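The values are calculated or read from the model by the stated rules, or taken from the named source; none is laboratory data. Note that the structure is a prediction, hence the values are computed from the model and not measured. Here the Cβ positions follow ideal geometry from the backbone for every residue, glycine too, while neighbour counts run over all protein chains shown.
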């Protein structure tokens, strides 16, 4: 391939590099007064957009009952086996609900398969991303910790509806 | 020696030593702050207001860290090296006048810890001693990167010291003295000297040469080949930890402060401000104001050192030697001849 090489002819003053050094110095001096790009984390929190897959949470109906029907699909599909479900009977129309539903966040890989497989939109990936604790026990979340009002998870539910094209509400 | 003189002496020692150590500590903070600002970050801002206590926190951390002496290291030299870097840098403060002399009982006392006629020589001698510390540190670590760093540093300092001394020689020719206090004044008339940097072209060229050589002498960017991180891990202080590393750090920054002091005294007229302060009758007020001016100039040079570090890329090793021996040395030799011409033909017409 023909390469055309263009070399700028520098005069003696330019060869010293002094103009370029001054240019660089002025640039760095100017950038000292530009807007900072750092987020001051503990004070300034990151608001995750709907597409972010954070900690999976259970959806709670407006009347305070869990949407989950304890079908165990998520338990089966979960690749690292983080979900444990114990079903029980209920007098409600849906007849089944989880007696115990726990997600071990030490095992969870935030893949979102549980959300994808759920026929009732009962488990969704929330925008919670601060998953740290001092003990292992603290990171195993149980039913009462996981149940979140539907209104709080609205953003993600709408997103998944659009994304998975699910019409089973 | 009267009681007031002894008190004055002790006060000077405490004050000047304190100023230099505090400046060295604060410039580590300034280094991190300015680098952060240039890179659009905030820098340390968690310890105290604006992170002002960060140097203290760093010091505490260094004290509590484990001291590691590598296997096969020369134990004596390994322990001696940090002290040999820090001591000369701090000792050089003793001859630097921070302000105008003050009158006590009708006798003029210089505002330096000791007032000697050969102050410049002492500073240069102590500056050269610092090389030994770095070379010892590099050699005693029993680590190839440390050794390379030490070797580079010593070769670099030896070649740039020539330029440094030759540019100081020009200042000595222009002012006619080696006493740093006298460098503010004309010896015969007692008038304030014109700042050397304005004596174009001789003084200006000497200033440029001295500035470049000062960067090389203090192992700062763009000549910090002794600790070029990308090539030599950490250079001569790779194997150092804990307070020994902190001493290297203090030595480096104290040397930076000393070099800035020299720059201010030799080229920017020390505490003088275009002759404004000299008219003040009360010598104590004059000395205090002069010290303020001196510290302001000093801090601007410290800022320059840091600013340059975060702007200019590092020189390659052969480029460094090329610049030192083939460019700066001939220029400084020619500059001496020019200075001679200046002293004989031009200076008398300028009135000093």
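Some observations on this one:
- Subset of the range B:44-58 (residues that are part of a helix (DSSP H, G or I) and crowded, with 16+ Cβ neighbours inside 10 Å): B:51, B:54, B:55, B:58
- Helices (runs of 4 or more DSSP H) contained in the range A:1-114 and holding at least 2 residues out of contact with any strand residue (DSSP E or B) (no Cβ under 8 Å at 6 or more places or on another chain), at pLDDT below 90 and away from chain B (no Cβ under 11 Å): A:12-15
- Considered as a group, the residues in the range B:300-320 that are surrounded by 17 or more Cβ atoms within 10 Å (Cβ to Cβ) and in a helix (DSSP H, G or I) include one that is modelled with the lowest pLDDT, and that residue is B:320.
- Any hit, the range B:295-312, residues being more than 22 Å from the chain's Cα centre (by Cα), within 14 Å of chain A (Cβ to nearest Cβ) and more than 30 Å from residue B:105 (Cβ to Cβ): no
- Residue within the range B:24-41 that is modelled with pLDDT under 90, away from chain A (no Cβ under 14 Å) and assigned to a loop (DSSP other than H, G, I, E, B) present: no
- Of all positions in the range B:263-285, none carries a residue that is within 14 Å of chain A (Cβ to nearest Cβ), assigned to a loop (DSSP other than H, G, I, E, B), surrounded by fewer than 22 Cβ atoms within 10 Å (Cβ to Cβ) and touching a helix residue (DSSP H, G or I) at 6+ places or on another chain (Cβ under 7 Å).
- Matching residues in the range B:74-129 - criterion: being in contact (Cβ under 8 Å) with a residue 40 or more places away in the chain and at positive phi: B:105
- Residue in the range B:274-289 that is closer than 30 Å to residue B:232 by Cβ and over 22 Å from the mean Cα position of the chain (by Cα) present: no
- Subset of the range A:126-150 [in contact (Cβ under 8 Å) with a residue 12 or more places away in the chain and over 16 Å from residue A:49 (Cα atoms)]: A:131, A:136, A:139, A:140, A:141, A:142, A:143, A:146, A:147, A:148, A:149, A:150
- Matching residues, the range A:60-72, being surrounded by 11 or more Cβ atoms within 10 Å (Cβ to Cβ) and more than 22 Å from residue A:139 (Cα to Cα): A:61, A:65, A:67, A:69, A:71
- Residue B:73 vs. criteria away from chain A (no Cβ under 14 Å), farther than 26 Å from residue B:261 by Cβ, surrounded by 18 or more Cβ atoms within 10 Å (Cβ to Cβ) and in contact with a helix residue (DSSP H, G or I) (Cβ under 6 Å, 6 or more places away or on another chain): yes
- Verdict on residue B:288 being buried (at least 20 other Cβ atoms within 10 Å of the Cβ), more than 14 Å from chain A (Cβ to nearest Cβ), part of a helix (DSSP H, G or I) and at pLDDT 85 or above: no
- Any hit, the range B:216-238, residues being outside any loop (DSSP other than H, G, I, E, B), within 29 Å of residue B:347 (Cα to Cα) and either more than 18 Å from the chain's Cα centre (by Cα) or modelled with pLDDT of 80 or more (or both): no
- For the residues B:81, B:15, the requirement of being within 25 Å of residue B:243 (Cα to Cα) and either surrounded by fewer than 19 Cβ atoms within 10 Å (Cβ to Cβ) or in contact with a strand residue (DSSP E or B) (Cβ under 7 Å, 6 or more places away or on another chain) (or both) singles out B:15.
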